[in-house]
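This report concerns only the one structure given below.
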């Protein structure tokens, strides 16, 4: 009996030590201890202050881009294969109807689709034998969406990291609506961060065929209404010295970019020879080779610097350029700095839309914590003193169990890297309530057994045994529902569930096991015939 | 000591009185909800913009309202918040005042514009110290370098100024200032602040007479998603509890426990509607807590019923339930009393932010305890009596299963 008790006591001590280490770590001095506690008990933004954003990645953008590219390729292939048709156009992001296919070419077009467009199905159109629809496979479209979400997440993470926000959180949010939650502790003016996160920053350098024209019509008109093959019309802002009446400028530029944002190896804010803010970029070896070839072949022509499908500037190529270049435009120093940042972090594959923004100022967070701490101390003190008053010696036991319960809970939050939020505190409160309840159940039961004339040892054993069934039932019920909240809930609901599950598991340990060991210890040292303080 | 010595109260005999009471409370709540055309949801569910501002003096809400009106923003709700001495106000804009095509933070910008119309903008080129983050303060100090740290290397310098900035901001955020410093001279009370630092601060910063303490902007989708999700997961949680209780007791016990818990939620929501309080996300957290608490309380009583039924197979079921409730009465009173104590502390000292939350818990603890005795238990009694005057039928099946469980 004695050795069994000693073994259990040692086990409890180990749990206590591990828990304390979980809260304070291995501090070298008092300062480090405070630092460790702050690091391990991670407070949510609602308590600490900061900005919380929910945004939706418009993944359909990425699907649309893929569909556009497929349409181009398909059109080119039809031309090469000499298949005539009346019309081919994109209906929506995953469907491209083709009309007026000659009957004798139906087989050819089918072969083309199945050989070279494996992500697409060519389906017949009911009621029209000469029409087909190129439909993107559901799995392929889904893969593009998922990829876009992941890529957007990485890009946003890169950008936020470069801004120097400490401990940001970027995670998927909600159920399959391609939403992300971004939490930025300590950021209390999110305007700039939001702009930086939102800029798609798709960079392309393209050789200009002709332009700028003052309007779209003028540009088309100079080509007789039809653009030359493999070129496109790009809008931009008129540069000083080439004033156009509308302030607009339209360029006819090559469709294929000489280099894109993917070819960049670096980008830094700088100043051009006139002292205006600009961005210097360097290219990867591959990109430099291509850029050298294109610029070498087009000396004297304009090079359009296209950002998000708008020409920001179109300098004339003076000579062959290889691995570095300069983006000028009318930037402020801040804009140049931000542009360099977003170019370094890569383009967003799809645009994003903000759904929610909440900013807790640090003073309000501090107020909440102060109030919360005061309320918890008052509440706990009231509960603990009542337990002492009502159950005397056993009240000490209950209070130890309750205290250990909270210690384990806080330590576990630290070990799991969970964050304590206001709803999380609700979970802690329910834990405390059920923890007290467990002890009350046990003690009342022991008293009952004593009233029924049982000896002290038997009464303690009987009390624990009977109460155990009830405690298991109440705890398992609540843990089961909390597990559901955790699995299907998001954000705040999850925060509640996490602390509740950990707290209840800890409580099963403290109120059933630890309390029992303390009772057994008290009983083992008791003189025969002495009454139990309960 | 003990409060109750073997009470012999006929709980089930009084059940109609209490069921009537519950029904009237529930009906009053539902009628109030109907009159208000649904529950009053907070911005987090409804969508919109909410800004908490602390002012140096008592805020002129009418002036802010007319500034908003002048910008074409109507239907703003402005209300004082907390105690009058704190000079705090909440400014809220509903979603419908901002259109879908606008950026999500249009409402916020409108409010900020109105505030600077009423309270003026600071000197050009200066930053508002009262609304600056530690990062901003630190960056400015690093640039002006009042303590001549640059020669010690950039690492040392930025660490020094980061610490200094944090101390300054902490001072600003500590009550009674709570985010608002009225005069830079106040900062001299900090040991870290010397005249050089103070003049560097006054060069770069000014002190506005208001500080934004909290901003909440919720788009329409997030709001309705949250509302739906809160409802679905709560129902799923209740369903899981029902299954578990079914497995451990009998189906009717599960139904009774879920009905009782549901009753608690309805009545608590009714109180919110009657008092015209908003349902916010933290209130939902409180309702989830209440569900857990009420369920816990009900199971304790059921467990005793099951145990007594196993020991005394011939006893009239209603007596047995009465006896079980009496046996657990002192634990019920103790536990709910203690939980009430803890929750009351939260309600009284927890501050304004969690006021709705703690209110829901104060109401919930009382209702949750009450419903175990007067809602959940009568349902089981009613069913058992119908299933064979409380001696045979369902109950005996339960007993057989229990006996089988005991043998195992």
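The values are calculated or read from the model by the stated rules, or taken from the named source; none is laboratory data. This one's a predicted model, so the numbers in the text were calculated from it and none came from an experiment. We place every Cβ from the backbone using ideal geometry, glycine too, and count neighbours over all the protein chains shown.
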(1) closer than 30 Å to residue A:509 by Cβ; (2) modelled with pLDDT of 85 or more all hold for residue A:25 apart from (2)
Answer yes or no as to whether residue A:499 is within 37 Å of the chain's Cα centre (by Cα), within 12 Å of another protein chain (Cβ to nearest Cβ) and more than 23 Å from residue A:368 (Cβ to Cβ).
no
Filtered residues of segment B:155-165 (kept if surrounded by fewer than 18 Cβ atoms within 10 Å (Cβ to Cβ) and either closer than 26 Å to residue B:209 by Cα or away from every other protein chain (no Cβ under 14 Å) (or both))
B:155, B:156, B:162, B:163
Only one of these is under 30 Å from residue B:169 (Cβ atoms) and surrounded by 18 or more Cβ atoms within 10 Å (Cβ to Cβ): A:354, A:390. Name it.
A:354
Looking at (1) closer than 22 Å to residue B:326 by Cα; (2) crowded, with 19+ Cβ neighbours inside 10 Å; (3) within 12 Å of chain B (Cβ to nearest Cβ), which is the one condition that is false for residue A:472?
(2)
Helices (runs of 4 or more DSSP H) contained in segment B:188-292 and holding at least 3 residues at the interface with chain A (Cβ under 7 Å from one of its Cβ atoms) and modelled with pLDDT of 90 or more
B:220-248
Restrict the check to segment A:212-225 and report whether at least one residue is part of a strand (DSSP E or B) and surrounded by fewer than 18 Cβ atoms within 10 Å (Cβ to Cβ).
no
Residue match in segment B:370-378 (condition: within 8 Å of chain A (Cβ to nearest Cβ) and out of contact with any strand residue (DSSP E or B) (no Cβ under 9 Å at 6 or more places or on another chain))
no
Looking at (1) in contact (Cβ under 8 Å) with a residue 24 or more places away in the chain; (2) farther than 20 Å from residue A:67 by Cα, which is the one condition that is false for residue A:127?
(1)
For segment B:1-42: of the residues being over 18 Å from residue B:372 (Cα atoms) and out of contact with any helix residue (DSSP H, G or I) (no Cβ under 8 Å at 6 or more places or on another chain), which is modelled with the lowest pLDDT?
B:5
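Yes/no per residue for (1) buried (at least 24 other Cβ atoms within 10 Å of the Cβ); (2) under 30 Å from the mean Cα position of the chain (by Cα); (3) in contact (Cβ under 8 Å) with a residue 60 or more places away in the chain:
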{"residue": "B:229", "(1), (2), (3)": "no, yes, no"}
{"residue": "B:234", "(1), (2), (3)": "no, yes, no"}
{"residue": "B:245", "(1), (2), (3)": "yes, yes, no"}
{"residue": "B:262", "(1), (2), (3)": "no, yes, no"}
{"residue": "B:270", "(1), (2), (3)": "no, yes, yes"}
{"residue": "B:287", "(1), (2), (3)": "no, yes, yes"}
{"residue": "B:292", "(1), (2), (3)": "yes, yes, no"}
{"residue": "B:324", "(1), (2), (3)": "no, no, no"}
{"residue": "B:329", "(1), (2), (3)": "no, yes, yes"}
Can you tell me which residues in segment B:120-148 are in contact with a strand residue (DSSP E or B) (Cβ under 6 Å, 6 or more places away or on another chain) and in a helix (DSSP H, G or I)?
B:129, B:130, B:131
Report those helices (runs of 4 or more DSSP H) wholly inside segment A:14-125 carrying at least 1 residues which are in contact with a helix residue (DSSP H, G or I) (Cβ under 7 Å, 6 or more places away or on another chain) and closer than 30 Å to residue A:410 by Cα.
A:30-40, A:45-48
Restricting to segment B:22-45, name every residue that is more than 14 Å from every other protein chain (Cβ to nearest Cβ), in contact (Cβ under 8 Å) with a residue 40 or more places away in the chain and in a helix (DSSP H, G or I).
B:22, B:25, B:26, B:28, B:29, B:30, B:32, B:33
Restricting to segment A:406-428, name every residue that is within 14 Å of another protein chain (Cβ to nearest Cβ) and part of a helix (DSSP H, G or I).
A:406, A:422, A:423, A:424, A:425, A:426, A:427, A:428
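Yes or no: residue B:135 within 11 Å of another protein chain (Cβ to nearest Cβ) and buried (at least 16 other Cβ atoms within 10 Å of the Cβ)?
Yes, satisfied.
Anything in segment A:441-454 that is in contact (Cβ under 8 Å) with a residue 40 or more places away in the chain and either part of a loop (DSSP other than H, G, I, E, B) or within 9 Å of chain B (Cβ to nearest Cβ) (or both)? List them, or say none. Give the steps one after another, and end with the answer.
Let us first name the residues in segment A:441-454 that are in contact (Cβ under 8 Å) with a residue 40 or more places away in the chain, namely A:442-443, A:446-447, A:450.
A:443, A:447, listed by residue number.
Residues of segment A:354-370 being more than 8 Å from chain B (Cβ to nearest Cβ) and assigned to a strand (DSSP E or B), which ones?
The answer is none; no residue qualifies.
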Quick one: residue A:493 ticks every box in (1) at pLDDT 85 or above; (2) surrounded by 19 or more Cβ atoms within 10 Å (Cβ to Cβ) except a single one, so which number is it?
(1)
Mind telling me which of the residues B:92, B:82 ends up being modelled with pLDDT of 85 or more, buried (at least 18 other Cβ atoms within 10 Å of the Cβ) and farther than 13 Å from residue B:212 by Cβ?
B:92
Among the residues of segment B:172-220, what is the count of those that are touching a residue at least 60 places away in the same chain (Cβ under 8 Å) and surrounded by 14 or more Cβ atoms within 10 Å (Cβ to Cβ)?
22
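For segment A:293-319: of the residues being in contact (Cβ under 8 Å) with a residue 12 or more places away in the chain and in a helix (DSSP H, G or I), which is farthest from the chain's Cα centre (by Cα)?
Per the criteria, the residue is A:296.
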Within segment A:267-292, count every residue that is under 34 Å from the mean Cα position of the chain (by Cα) and under 18 Å from residue A:331 (Cβ atoms).
9
Is it true that residue A:196 is touching a helix residue (DSSP H, G or I) at 6+ places or on another chain (Cβ under 6 Å), at pLDDT 80 or above and away from chain B (no Cβ under 14 Å)?
yes
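State all residues of segment B:111-125 that are more than 14 Å from residue B:53 (Cα to Cα) and at pLDDT 85 or above; if no residue qualifies, say none.
Across segment B:111-125, the qualifying residue is only B:117.
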With B:308, B:296 as the choices, which residue is in a helix (DSSP H, G or I), under 17 Å from residue B:255 (Cα atoms) and over 19 Å from the mean Cα position of the chain (by Cα)?
B:296
What's the number of the only condition in (1) more than 10 Å from every other protein chain (Cβ to nearest Cβ); (2) under 28 Å from residue A:18 (Cα atoms) that residue A:465 fails to meet?
(2)
Looking at (1) under 41 Å from the mean Cα position of the chain (by Cα); (2) in contact (Cβ under 8 Å) with a residue 40 or more places away in the chain; (3) more than 9 Å from chain B (Cβ to nearest Cβ), which one does residue A:373 not meet, given that it meets all the others?
(2)
